[in-house]
Amino acid sequence: MKIFGFAGWSGSGKTTALLGFASKGAEFIGEEWVLLSGDGQMMCGLPRKIELSPSHLETVPDVRRAIKRQRRWAFEGLGHLARMQGILGEKINGAFPASVLQRAISAVQRRVLPKVSPQAIFGSRVDSLIAKPEKLFLLISHDDPWVQVEQTPPIEMARRVAHLSQYEQIRFMNHYLSFKFAFPEVKNSFVEQSPTYQYGVLSRALMGMETYTVHHPHPLPFSALYEAIKPFCESTTKARTETLGALP
């Protein structure tokens, strides 16, 4: 059994991949937030509910059984309403913009779909939430209609994931810079050196793993993703040894 994880931007298809592999018998470790030890020997999932989106029902049909029938009917009814509204034209009653109504319907659809527990999707395949990771797949959407998987050196993967982590911290850094504007003489060395620190930690943690970049169309069709990465999940290749370097 191979243990692997997915990384990527918000909306890159991580949850779709998680839900899809559940239908293939995979065990659950974590979703959204997974802690990785500095030596890369252990990852630990934080227990939380899985947040579903309308696209999950379309791309991973098996997810439907985890949703109560009444909520599913409400979601599908809103979808029919959106399609009917599209047929009627760009305006309703000559005044109300169709695009506004579509956005409102989509927002209500997201509220109708509940957050579900991992057990509702994975059943009994939710255990200690702790495992030793062996492979990491970075999901990136592109405009082409096919899924492409390429092995990426761990040092390059560490650089990409470090940048991803820094992007997620932009709001925090905005507050820190505002603080520095008010108190320029005060300095937090840990915060200011965090890009280099994060890159170093990730480089060491990913050194022994197999790391891959997956380019896929959006929205992510799980069936195509599964067929593309299945050979890489089953096989084992020797991970490259790279020299650690400073983050440029």
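The values are calculated or read from the model by the stated rules, or taken from the named source; none is laboratory data. Source: prediction; values computed, not measured. Cβ: placed from backbone, ideal geometry, glycine included. Neighbour counts: every protein chain shown. Side chains are part of the model used for accessible areas, which takes the heavy atoms of the whole protein and leaves out ligands, DNA and RNA. Shrake-Rupley method; radii C 1.70, N 1.55, O 1.52, S 1.80 Å.
At-a-glance table
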quantity: Top-ranked residue of segment 61-77 - restricted to ones that are of a type in the set (A, V, I, L, M, F, W, C) and either modelled with pLDDT of 70 or more or exposed (fewer than 15 other Cβ atoms within 10 Å of the Cβ) (or both), ranked as nearest to ILE130 (Cα to Cα); calculated: VAL63
quantity: Condition check for ALA26: more than 27 Å from GLN169 (Cβ to Cβ), touching a residue at least 24 places away in the same chain (Cβ under 8 Å), open to solvent by less than 40 Å² (accessible area, probe 1.4 Å) and outside any helix (DSSP H, G or I); calculated: yes
quantity: From TYR167, TYR212, TYR176, residue being at pLDDT 95 or above, of a type in the set (Ser, Thr, Tyr) and within 29 Å of SER53 (Cβ to Cβ); calculated: TYR212
quantity: Test set (1) within 19 Å of PHE4 (Cα to Cα); (2) of a type in the set (Lys, Arg); (3) outside any helix (DSSP H, G or I) - LYS230 fails condition number; calculated: (3)
quantity: Hits in segment 114-131 - residues which are under 30 Å from THR196 (Cα atoms) and either surrounded by fewer than 14 Cβ atoms within 10 Å (Cβ to Cβ) or free of Cβ contacts under 8 Å to residues at least 60 places away in the same chain (or both); calculated: ILE130
quantity: Complete set of residues in segment 132-151 that are surrounded by fewer than 20 Cβ atoms within 10 Å (Cβ to Cβ) and of a type in the set (Phe, Trp, Tyr); calculated: TRP146
quantity: Count of residues meeting criterion [touching a helix residue (DSSP H, G or I) at 6+ places or on another chain (Cβ under 6 Å) and among the aliphatic types (A, V, I, L, M)] in segment 180-208; calculated: 4
quantity: Scan of segment 96-154 for residues that are modelled with pLDDT of 85 or more, of a type in the set (D, E, K, R) and over 20 Å from SER55 (Cβ atoms), ordered by number; calculated: ARG125, LYS132, GLU134, LYS135, GLU150
quantity: Qualifying residue in segment 134-149 (condition: more than 23 Å from GLU32 (Cα to Cα) and among the acidic types (Asp, Glu)); calculated: yes
quantity: Residue match in segment 5-15 (condition: within 30 Å of THR152 (Cα to Cα), at pLDDT 80 or above and part of a helix (DSSP H, G or I)); calculated: yes
